[in-house]
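Read through the structure below, which is laid out as structure tokens, and then see the notes.
Rule-based calculations on the coordinates, nothing more; no lab input. Computed from a predicted structure; not experimentally measured. Neighbour counts are summed over all protein chains in view; Cβ atoms, including those assigned to glycine, are modelled from backbone coordinates with ideal geometry.
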Amino acid sequence: MGRLKSLFGIFVVAAVVYLLWKMMPPYIQAYQFQEELQSISRNNEYSPLDENAIRGEVRKQIAEIGVPVNPELVSIAKGGGDCIIGVNYTVHIDAMFRPFDMDFHPAAKNGTKIDPIPNRIPQ
């Protein structure tokens, strides 16, 4: 009975390590992307750049970090001293027994993290 408990414990630890190995890269990418969105929105709060130029900066960060986001789906609104950037995206995880999706909602307004935005910011 003691050997069975030990094998079960080893199995549980191995399963947790496996899931962490599969789930951590998307979480790290999402954190880095959130930080970059905050930086871009802070730097462009009062800059003369328009939304297309800001989208170019976001596109560059998407390529650097490797986030699975279409840059055209990123919502950007600039005006009145505010710069709001956000996107909703999903990452599919192929776990051994049960594949699942992880949803991420990075968004920033003037360098501050905000709640998830709707799919499109009303203009």
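Computed from Cα positions, the angle between helix 51-65 and the longest principal axis of the chain comes to roughly 20 degrees. Most tightly packed first, judged by the mean number of other beta-carbon atoms within 10 Å of their residues, the peptides 44-57, 1-14, 101-114 read 101-114, 44-57, 1-14.
Axis of helix 2-43 versus longest Cα principal axis of the chain: the two differ by about 10°, to the nearest ten degrees. What aspartates and glutamates sit close enough to residue 22 to cross-link, taking a C-alpha to C-alpha distance under 12 Å and skipping anything fewer than 8 places away on the same chain? By straight Cα distance, residue 22 reaches 94, 101. Think of the stretch 2-113 as a dipole: +1 on every Lys or Arg Cβ, -1 on every Asp or Glu Cβ, centred on the Cα centre; then among 81, 2, 69, 2 lies furthest on the positive end. Once C-alpha pairs closer than 8 Å and six or more residues apart are averaged by separation and normalised to the residue number of the stretch 2-113, the relative contact order reads 30 percent. With the gyration tensor restricted to C-alpha atoms of the stretch 49-100, the semi-axes of the equivalent ellipsoid amount to 29, 12, 7 Å, longest first.
The amide H of residue 114, built 1.01 Å from its N in the peptide plane, has 107, 108, 109 as neighbours under 5 Å, considering only residues 5 or more places off or on other chains. In the chain, helices alone account for a calculated mean residue ellipticity at 222 nm of -16500 deg cm²/dmol, with every DSSP H run of four or more residues adding -39,500 (n - 2.57). Among residues other than residue 65 with Cβ under 14 Å from its Cβ, the summed charge is -2 (Lys and Arg +1, Asp and Glu -1).
Please sort 63-75, 28-40 by packing, taking for each peptide the average over its residues of neighbouring beta carbons within 10 angstrom, highest first.
Details: 63-75: 14.3, 28-40: 18.1.
Put in order of decreasing packing, that is 28-40, 63-75.
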